[in-house]
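The values are calculated or read from the model by the stated rules, or taken from the named source; none is laboratory data. Since this is a predicted model, take the numbers as computed values, not measurements. Methodologically, a virtual Cβ is constructed for each residue, glycine included, from the backbone with ideal geometry; neighbour enumeration extends over all protein chains shown. Heads up: the accessible areas ignore ligands, DNA and RNA and are worked out on the full protein's heavy atoms, side chains in. Shrake-Rupley method; radii C 1.70, N 1.55, O 1.52, S 1.80 Å.
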Amino acid sequence: MTSADISRNLILIVTVMAGLFLLQFVMPQYYVLVITRMMVLAVFAVGYNMLLGYVGLLSLGHAMFFAAGLYGAGLATYHLGIAVPLAFVIGIVAALVLAFIIGWVALPTPRVSFMIVTLMFSQVGFLTTLYFASYTGGQDGLSLPQAARHFSLFGADFSLANEFVRFNIAYLLLAAAIAISFAVLVSRRGRIFTAIRENEGRTEMLGFNTFAAKLEAFLYSGGIVGAAGAAYGLLFGYMGSTFASIQYSIEVLLFTLLGGAGTLLGPLVGVVLMTTLIDSLSELTSAYLLVIGVVLIALVLWFPKGILGSIRERWMPWLM
């Protein structure tokens, strides 16, 4: 990719993020909350896309990293009274530790087996949250007390009950996730990731340690997803076993495929489209999942590489 292509992508990302930032000043309060949730889920999808889109590894267990961040941060605040900023860091560390352990075990397996192994680990994580329901709240979940959702940082006081505080925290987290992905992809490591996706055997034959590269990508992915989980639990004050279920691993896969795997802004596009469809159709019919299934089939037929992936293939080859 040339420097001109990198500049184009950078301009596009800055323009999109600037427009997203301005939405909080023109949208009603309810939609500010909706967009905040979309941005946190987009961080989840950006982390997942790092592994699927750029390394070519399909995981069915990324809900466990989301849940690790969610419970790492939420339980630290709920049971130990730890302040929100430190609890957020604990959530990310919990996800990174889990990603290192699972990556070390799962990554040496063939790609189909890798998918199954991540699914099995995810189910273990889900059942663990149910088994320790006295601490996690199980299916019913736990709600953070209002007192735990206030914190001070650099001499300023913040309340996570304020929709604009939540919006801007989610916005900064999304900007950081996209910036990290961008920096990795334009680096030498990013080129190794894409080489592994295209032909792992040839990449290894050229002398690169593909296992180390895949583990590094796995840690990037797990850390970003864990940050999304930690933010979700702290911003919305709730944690439950549902977030560790296979449903959330499938949803983030759909977000990524719909927007375009292997594109920086594809996860954001996928989240916006999917959540808007679900929210709109669920108000009209109880069979909204059937309608969404038909829409997804149509999109796959017309945009087989996702929205931005197909746009890149047909009109904008410089798109990252």
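Observations
- Radius 15 Å from Cβ of Asn209, net charge of other residues (Lys, Arg +1; Asp, Glu -1): +2
- A simple charge model with +1 on the Cβ of Lys and Arg, -1 on the Cβ of Asp and Glu and nothing else charged puts the dipole of the chain at about 620 debye relative to its Cα centre.
- Top positive-direction residue, dipole computed over the chain with Cβ charges, set Thr194, Met115, Leu273: Thr194
- D (Stokes-Einstein, µm²/s), Kirkwood Cα radius, the chain, 0.890 mPa s at 25 °C: 122
- Each Lys or Arg adds one and each Asp or Glu takes one away; over the other residues whose Cβ falls under 15 Å from the Cβ of Leu253, this sums to +1.
- Cα-based Rg / Dmax (Å) for region 29-99: 14.0, 40
- Choice from Arg202, Arg111, Arg149 showing the highest fluctuation, given a GNM over the chain with Cα pairs closer than 10 Å: Arg202
- Ordered from highest to lowest accessible area with the whole protein assembly present and a 1.4 Å probe, Trp318, Trp104 read as Trp104, Trp318.
- Largest to smallest principal axis extent of the C-alpha atoms in region 205-287, angstrom: 56, 28, 21
- In terms of its C-alpha gyration tensor, region 1-153 comes out oblate, because a/c is 1.5 or above while a/b does not outweigh b/c.
- Taking the Cα centre of region 126-211 as reference, the dipole from Cβ charges on Lys and Arg (+1) and Asp and Glu (-1) amounts to some 320 debye.
- GNM remark for the chain: springs join alpha carbons under 10 Å apart, and the peak mean-square fluctuation among Pro108, Pro28, Pro145 falls on Pro28.
- Heavy atoms of the protein chains alone define the surface here; on that basis the chain has 46 Å² accessible area per residue at 1.4 Å probe size.
- Most mobile listed residue (Val291, Val46, Val89) in the chain, GNM with C-alpha springs under 10 Å: Val291
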